[in-house]
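Read the structure below first, then the notes.
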Amino acid sequence: KVALEDFARIHGLSNVEFCGKISGEELWECYTGCIATIHPFNWFEAFGLTIIESFLFAKPAIASNLGAAGELITPERGLLIEPASPEALAQAIQTVADNLDDFVMLGRNGLDFVRNNLSEDKYLSSLQSILHL
């Protein structure tokens, strides 16, 4: 974290804020106030909870194409980038900045995806089907 803070300071990135770990209401406020979320994973994430949280707030996601991100994020819900590629991340952020109206729709698509595929009712139905109930 310190290296990133130093990088931001050295390069005059005054619009970057390092919040540390946040949760609860403060986290929800961050989701509510953002345009999109960024998940530049360099490791395998099995489920993608933070991406799903992003979708719950109707925010599109930008994520490294690793693990669950590749299954959750489609061109209709966000942008996948190559892992460990600052250039790809920068390009994706610029794409969002240049196409804000389109990204509002991607966020809504993400919310629809969660509602239609990851709801409690959908889970129970799938479980009952697996268990032949």
* Structure fact -> Quick count over segment 87-97, residues being loosely packed, with under 11 Cβ neighbours inside 10 Å and touching a residue at least 12 places away in the same chain (Cβ under 8 Å), is 0
* Select from segment 38-56 the residues that are modelled with pLDDT of 95 or more and buried (at least 18 other Cβ atoms within 10 Å of the Cβ) and list them in ascending order. => Ile51, Ser54, Phe55
* Taking the residues in segment 98-133 that are of a type in the set (A, V, I, L, M, F, W, C), over 16 Å from Leu56 (Cβ atoms) and without any contact (Cβ under 8 Å) to a residue 60 or more places away in the chain as candidates, determine which candidate is most open to solvent (accessible area, probe 1.4 Å). => Leu133
* To do: Please tell me if Gly20 is free of Cβ contacts under 8 Å to residues at least 24 places away in the same chain and in contact with a Lys or Arg (Cβ under 9 Å, 6 or more places away or on another chain).
  => yes
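The values are calculated or read from the model by the stated rules, or taken from the named source; none is laboratory data. Keep in mind the model is a prediction, meaning the values are calculated, not measured. We place every Cβ from the backbone using ideal geometry, glycine too, and count neighbours over all the protein chains shown. Note: areas computed on protein heavy atoms with side chains; ligands, DNA, RNA excluded. Shrake-Rupley method; radii C 1.70, N 1.55, O 1.52, S 1.80 Å.
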